[in-house]
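Have a look at the structure below before the remarks.
Quick note: the coordinates plus some simple rules give every number you see, no bench work behind them. Quantities reported herein were computed from a predicted structural model and do not represent experimental measurements. No Cβ is skipped: glycine too gets one built from the backbone with ideal geometry, and neighbour counts run over all protein chains shown.
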Amino acid sequence: MSLNLKEWLETNRDIESRQKLFYNMSCTMNYVHDRDYYIKSFNPKEIEILNPEKLSPIRYDTVVRMPKEYKDQIVREDIYNLAFIQISVYSNIKMEDLKPWFLKENFSEFQKYLPKGDVPYLQGIIERGAGIYYYEYVDKKNEQELEKIQREMDPEFNGSLNSVSKSFGSQKTKSTLVGRAMVDHDTKKLYRDLVDTKQAAFVSFLVFPVSLILLGLILVMVILLYI
């Protein structure tokens, strides 16, 4: 049974579960952005968790086409909106009661409510408008922690973890591919109708020459009929 974000948050107050959920929401959002779409509404009632046990896939109900000339700005706004939700949830303040200008000017007052490890990330988003996905931050932080452990175990460790894989939530990524988290099959299936711009460009590139070839064959056949 699926739950919308509002319903899920009302019954789940475990910090780690919430972090996993936000991680998956961030991964899904990046997947949507990569296809030149964005999230028009972050209303918790319009964000669905289709499998609450897995905390994924995440369905954003209002996904719309992104104007390419404003892509960087829109992506940053989506990243900000998700961070805004995180702070609203952890501080137990309704989104409609939390004002962006007030949050920016008084972020230090909210830090005590936030997971300690997430404070640098959320501060960067709110105060400086950073354009980093939450899952990227988590992956990088995990990578650094693994490197620290490896150095303690092996003094000759050179700082490369090419063979190390890690997971956080239901999504997985290799440490050497920070920012390229694997989106699960269910998420891809859920958003399969979104046009992949790279694939679309490739198809368009093929369609034009193939059409010319077919047109040429038709003309040849017509000429042969009249000979």
Please give the residues of region 1-16, grouped as numeric ranges, whose backbone N is less than 12 Å from a label point set 7 Å along the Cα-to-Cβ vector of residue 92. 13
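Full extension from residue 141 to residue 108: what is 0.36 nm times the residue separation minus their Cα-Cα distance, to one decimal in nm? The partial results should precede the final answer.
Working: separation 33, 0.36 × 33 = 11.88 nm, distance 2.15 nm.
Contour length minus Cα-Cα distance gives 9.7 nm.
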Report, by chain and number, residues whose modeled amide H sits under 5 Å from the one on residue 4, excluding near sequence neighbours (fewer than 5 apart, same chain). 49
Label region 6-155 by shape, choosing from rounded, prolate and oblate, from the square roots a ≥ b ≥ c of the eigenvalues of the Cα gyration tensor; if a/c is under 1.5 it is rounded, and otherwise prolate applies when a/b is larger than b/c, oblate when it is not. rounded
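If each residue of separation counts as 0.36 nm, what is the full-extension length gain between residue 116 and residue 41 once their alpha-carbon separation is subtracted? Present the calculation step by step, with values, prior to reporting the outcome.
Working: separation 75, 0.36 × 75 = 27.00 nm, distance 2.79 nm.
Using 0.36 nm per residue and subtracting the Cα-Cα distance, I get 24.2 nm.
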Potential extension, residue 156-residue 12 segment - 0.36 nm per residue separation minus Cα distance: 47.5 nm
